[in-house]
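See structure below.
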Amino acid sequence: MRQQVIDNAASLYKDPIPVPFLFPRYPEKIHYPLIEGTSYRYDGIAEGLFTLDKNWRCIYASTSFLRLLDKKSHDLVGSQVWEIFPELEATALGSIYKCSMHDGMPRILVDYIPAFSGWFRVSITPTAEGIDTIIQHHTKSTSERHPSYTSEEKYRTLFNSIDESFCLVEVLFDTYNRPYDYRFLETNEAFKQQTDIENAVGRTMREIAPLHENHWFEIYGHVALTGESIRFENHAEQLHRWYEVYAFRMGAAEQRQVAILFKDITERKRMEHLKDDFISTASHELNTPLTGIKAYTQLLTRELQKAGDKRNTALAKKLHHHVERMVNLVNNLLDTSNITKGEFPLTKERFDINDLVGERINEFRLLNQYHQIILNTKPVRPVFADRQRIGQALGNIITNAIKYSPPTGKITVSVSDVDEKFLKISIEDHGVGIPAPSLTNVFDRFFRAGSADMPTYPGMGLGLYITAQIIKHHGGTITADNKPDKGAVFSFTLPYD
Ligand code: ADP
């Protein structure tokens, strides 16, 4: 049993990020046959022994223990462990003391113990009186230390000096293997500043914030069970903050420990909220007068046509064209604001996608005589989707294909079956293409790709964001790629039902 512990400890030091080694020991307790009342006869052995009562008071410290820590018996006996070693409380050892006193489970820790100023193998055994602790120098001397010990210390210093908060937690599961809480085993300096939680080590999150949302426990439980690391942003209502989090499993699966690196992003979220509010208010306020302007422009054009005033009719048509562009911009802002608020209803109907593609292409052919738009369709089954929104998505991609390719460029729109559940539409152009590093971002809100050697094109970076949201809301997928020769290709799938 003891051998197994040491083997595990050795494997830990091969870990690229050495961490404290901590796990519950086997359920049976260690027996100390020589204990007779308060008279201990352990003083001759190299391992140090000290005993705490249920109130954390030291009731015995062996000579070897006193020697290991360079203390006198009267320094320890009679005092509480937290008074003797004040720095202990915020460490992994402090936390496992509390866990073991609470659940009666023996535990072993191999770690650098700042309170004891060295590397120790600490074995904790709850007894009827309190807790027995056996400590042993993990290496014989500092010079013989495994090289990674010093790197552990370096990592510890690093964890304490980084701006990101770090904590190591043990996820607690109920009898149905559902995560219901987690206990803090270790935290770094930034943790306290970014959570306002004092003395977290040893306590559980539910003790600290009883209303902490369930999704936090579910996410960390999932990481502990599956070993999948995860990156996410989430709100913690009781801590009044937003966090950007990266969580990954630490150690063996049965330890159920998750390391969490996180950053307080409340200020960024507040700014995003302000921006969203501004966009929402501005687009709504602009929309009302713009609707009036559009209606009067159409009326004016008709009146001038009726009066046979050709010159002014042409001017009114130009005016109408610019008003249409403005309406488009404001509609994009309105859509974006509704999407962020989660208000994006679809009005679905069954229709032939090839009819819609044909209609949209004809509109573009009428407005744009330079680009050659080629239609390459295969018969497909009618889809059940929002016709107007799918038309908008198609329009956005074709507008970009025209905008980002030379006037003589060919644009090919293809429609085909993927399988019996999905169809696929692709739009290929022979234009400037998308700079490779931007391929993953083109569907982000307000994202605009560009490089020093690319001409600048007007736009707000919303068209593809809205397009991707339309496709996503339909249960389809969308991709952007560059063609091997030249130009971009956008493809999206749509479920038939
Ligand atoms: P924008 O209003 O800037 O065109 P979009 O959301 O429609 O906004 O597109 C986002 C970015 O993706 C564009 O700024 C452009 O850099 C890139 N992009 C989109 N379509 C194409 C295309 N067909 N060819 C090259 N780049 C494109």
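Averaging Cα coordinates gives a centre for the range 235-264 and one for the range 421-497; these two points are 33 Å apart.
To the nearest 20 debye, what is the magnitude of the charge dipole of the range 240-318 about its Cα centre, counting +1 on the Cβ of each Lys and Arg and -1 on the Cβ of each Asp and Glu?
Working: 15 positive and 10 negative charges, 104 e Å.
That gives a dipole near 500 debye.
Taking amide H positions as modeled 1.01 Å from N, with prolines and chain starts lacking one, the residues under 5 Å from Arg241 and 5 or more places away or on another chain are Ala236.
May I ask you to derive the relative contact order of the chain, considering only C-alpha pairs under 8 Å and at least 6 residues apart, and to give it as an integer percent?
Working: 833 pairs, mean separation 39.8, N = 497.
RCO, the chain: 8 percent.
Modelled spin labels at Leu211 and Lys72, positioned 7 Å past Cα toward Cβ, are 5.4 nm from each other.
For trypsin sites (Lys or Arg not before Pro), the sites in the range 374-454 that DSSP calls loop and that have at most 12 other Cβ atoms within 10 Å are Lys421.
Over all orientations, the range 349-495 has a Cα convex hull whose mean projected area works out to 8.5 square nanometres.
Less than 5 angstrom separates the built amide H of Gly118 from those of Ile113, all sequence-distant by 5 or more or on a different chain. Under the combined filter of DSSP loop state and at most 16 neighbouring Cβ atoms within 10 Å, the range 76-140 retains these trypsin sites (Lys or Arg not before Pro): Lys140. Between Glu324 and Arg365, the modelled labels are 1.7 nm apart [label points 7 Å from Cα along Cα→Cβ].
Once the 1.4 Å probe is applied to the protein heavy atoms, the chain comes out at 53 Å² accessible per residue.
Both radii were evaluated on the Cα set of the chain; the Rg over Rh quotient, with Rh as the Kirkwood radius, amounts to 1.18. Taking chymotrypsin sites (Phe, Trp or Tyr not before Pro) in DSSP loop conformation with at most 12 other Cβ atoms inside 10 Å as exposed sites, the chain has its longest uninterrupted site-free stretch at 177-369. Between Tyr180 and Ile374, the simple label model (points 7 Å from Cα in the Cβ direction) yields a spacing of 6.5 nm.
Think of the chain as having a plus end and a minus end, set by charges on the Cβ of Lys, Arg, Asp and Glu; of Gln388, Val357, Ala307, Ala307 sits farthest toward the positive end of this dipole. Here the accessible area is traced with a 1.4 Å probe on the protein chains. For the chain, carbon and sulfur cover 54 percent of it. Taking θ as phi - 60° and the Karplus parameters 6.51, -1.76 and 1.60, the scalar couplings of the range 296-307 work out to 5, 5, 5, 4, 4, 4, 4, 4, 5, 5, 4, 6 Hz in sequence order, x denoting glycine and proline.
The values are calculated or read from the model by the stated rules, or taken from the named source; none is laboratory data. These numbers were taken from a predicted model, which means no experiment stands behind them. With ideal geometry, Cβ positions are generated from the backbone for all residues, glycine too; neighbour counts draw on all protein chains shown. Side chains included, ligands, DNA and RNA excluded: accessible areas come from the protein's heavy atoms. Shrake-Rupley method; radii C 1.70, N 1.55, O 1.52, S 1.80 Å.
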